[in-house]
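Okay, so here's the structure we're looking at.
The values are calculated or read from the model by the stated rules, or taken from the named source; none is laboratory data. Treat the numbers as computed from the prediction; the structure is a model and nothing was measured. Every residue, glycine as well, gets a Cβ built from its backbone with ideal geometry; the counts of neighbours run over all protein chains shown. The area values use the complete protein model at the heavy-atom level, side chains included, leaving out ligands, DNA and RNA. Shrake-Rupley method; radii C 1.70, N 1.55, O 1.52, S 1.80 Å.
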Amino acid sequence: MKIRYLTLALASTLAFSLPAFADTVEVLHWWTSGGEAKSAAELKKMVEAKGHTWKDFAVAGGGGDNAMTVLKTRVVSGNPPLAAQVKGPAIQEWAAEGVLANLDDIAKTEKWDTLLPPVVANVMKYQGHYVAVPVNVHRVNWMWVNPEVLKKSGVKEAPKTWAEFDAIATKIEKAGFIAVAHGGQPWQDNTVFESVALGVGGPEYYDKAFVKLDPAAISSPTTLKAFDTLRMVRKHMDKDMSGRDWNLATAMIINGKAAMQFMGDWAKGEFTAAGKVPGKDYLCLAAPGTAKSFTFNIDSFIVFKQKNQDSKATNDFASAVLSDSFQEVFNQNKGSIPVRLGHDMSKFDACAQKSAADFVATNKSGGLVPSFAHQMAQPSAAQGAIQDVVSSFMNSDMSSKDAVAKLLEASKKR
Ligand code: GAL
């Protein structure tokens, strides 16, 4: 609390040079890689332009597992930041604790209900009230490819199905390259598994097994096949993968050490930051078998009730996040697409344009599904338990049959 009063005191001494109601905007996020940090810097700029003081609360660790642990400690001690990067069903879980601010006023003034696709708006609401503001739409089912490595390996085309993946990856390895760049961390293991399961079973199966957590779908032969396929993909990852950060795996594609990486399009932020051009230096292709599907991952911020602050800072923050200008520049750096409907995509690269078109098309066709590896689909307890199963499978010789049984148990966690 002392720190809080000090901040206020400091802010009031500065008040003469700032617009009224200037305040400290502390934001928890996990955007610390090259591309991510550039994106976060745009948010800081936007908040400062509104006259507030940005207080960075960055907790390193891709996928946000570390950030969530730190957030819980801060909230329990009664000292939450103003905003925190929280996504999917966890938004509702936090809202149910009664600690979130209500964003209905700003949402009404700025017409969020017409600005946002319903599939996005629904996730931001708790019992019909806005408690979070979305930043972007990431697509997770991508395969990032170095075309030069394929060429040098005598591979004409990247794999389009998991059935042809094994032979192509083996060919790449015989030419002296790493076939799959991967970082052995639980959330990255789960990210790969998600694309494998989607490619093997299709969006309807995916929805039943991983969104509805239907026991029959989870125990089906399709899940067994998904684990068998994951075992095959695992064989094509290098021996140094353990603990490697995702952006270092992306760097292996950028510098031509490896051929393919399965990762969401925040990886594109790394290619962009390295000055690489899609279609020339790298390819963004759907993971095998998933061309007609789209696993979405919407970054969003929940905002906490503040003891000593009126709603001005909160509203300014939310308004900045959804502004056209912020959406344009942030998403070009981040690799994602704007969350506002009808945003002009002409200045975005080919991967983002494809993502935007596929988002709309899959929303109509039924191929649009939430990413469970990125906390968009499952209650957080089940999500954590499922991630643990996938990760132990990747790091042991567990049979696919045992993995399916363990997955079923994990899916019941609440
Ligand atoms: C995701 C998040 C992305 C990106 C990624 C790697 O969960 O949605 O914005 O930061 O983790 O850190």
Are there any pairs, at least 6 apart or on different chains, whose C-beta atoms fall under 6 Å, with the first in the range 318-343 and free of Cβ contacts under 8 Å to residues at least 40 places away in the same chain and outside any loop (DSSP other than H, G, I, E, B) and the second within 16 Å of the ligand (Cβ to nearest atom) and open to solvent by less than 10 Å² (accessible area, probe 1.4 Å), and if so, which? none
What are the residue pairs meeting all of these: first residue in the range 211-239, first residue under 30 Å from Ala179 (Cβ atoms), second residue of a type in the set (Ser, Thr, Tyr), Cβ atoms under 6 Å, and 6 or more apart or on different chains? Ile218/Ser411; Thr222/Tyr205; Leu224/Ser400; Phe227/Ser400; Asp228/Ser400
Within the range 209-258, which residues are among the aromatic types (Phe, Trp, Tyr) and within 25 Å of Gly279 (Cβ to Cβ)? Trp246
Please go through the range 351-365 and give me each residue that is within 18 Å of the chain's Cα centre (by Cα) and hydrophobic (A, V, I, L, M, F, W, C), ordered by number. Cys351, Ala352, Ala356, Phe359
Taking the conditions exactly as written (open to solvent by 30 Å² or more (accessible area, probe 1.4 Å) and in contact with a strand residue (DSSP E or B) (Cβ under 6 Å, 6 or more places away or on another chain)), does Lys44 satisfy them or not? yes
Mind checking whether some residue in the range 109-127 is away from the ligand (no atom under 16 Å from the Cβ), of a type in the set (Val, Ile, Thr), at pLDDT 95 or above and under 29 Å from Gln353 (Cα atoms)? yes
Just need a number here: residues in the range 115-159 that are more than 25 Å from Thr170 (Cα to Cα) and in contact (Cβ under 8 Å) with a residue 40 or more places away in the chain. 16
Are any residues in the range 265-280 out of contact with any Gly (no Cβ under 8 Å at 6 or more places or on another chain) and under 19 Å from His374 (Cα atoms), and if so, which ones? none
Which members of the range 182-222 meet the condition of being of a type in the set (Lys, Arg) and either surrounded by 24 or more Cβ atoms within 10 Å (Cβ to Cβ) or not in a helix (DSSP H, G or I) (or both)? Lys212
Among the residues of the range 164-176, count how many are crowded, with 20+ Cβ neighbours inside 10 Å and touching a residue at least 40 places away in the same chain (Cβ under 8 Å). 3
Which ranges mark the strands (runs of 3 or more DSSP E) fully within the range 250-311 that have 2 or more residues being away from the ligand (no atom under 16 Å from the Cβ)? 258-262, 283-286
Within the range 42-97, the count of residues that are within 16 Å of the ligand (Cβ to nearest atom) and at positive phi comes to 4
Tell me yes or no: at least one residue of the range 364-380 is farther than 27 Å from Leu408 by Cα and not small (Gly, Ala, Ser). yes
Cβ-Cβ distance below 7 Å, separation of 6 or more or different chains: which pairs start in the range 64-81 with a residue that is closer than 14 Å to Glu26 by Cβ and end on one that is assigned to a helix (DSSP H, G or I) and more than 16 Å from the ligand (Cβ to nearest atom)? Pro80/Arg74; Pro81/Arg74
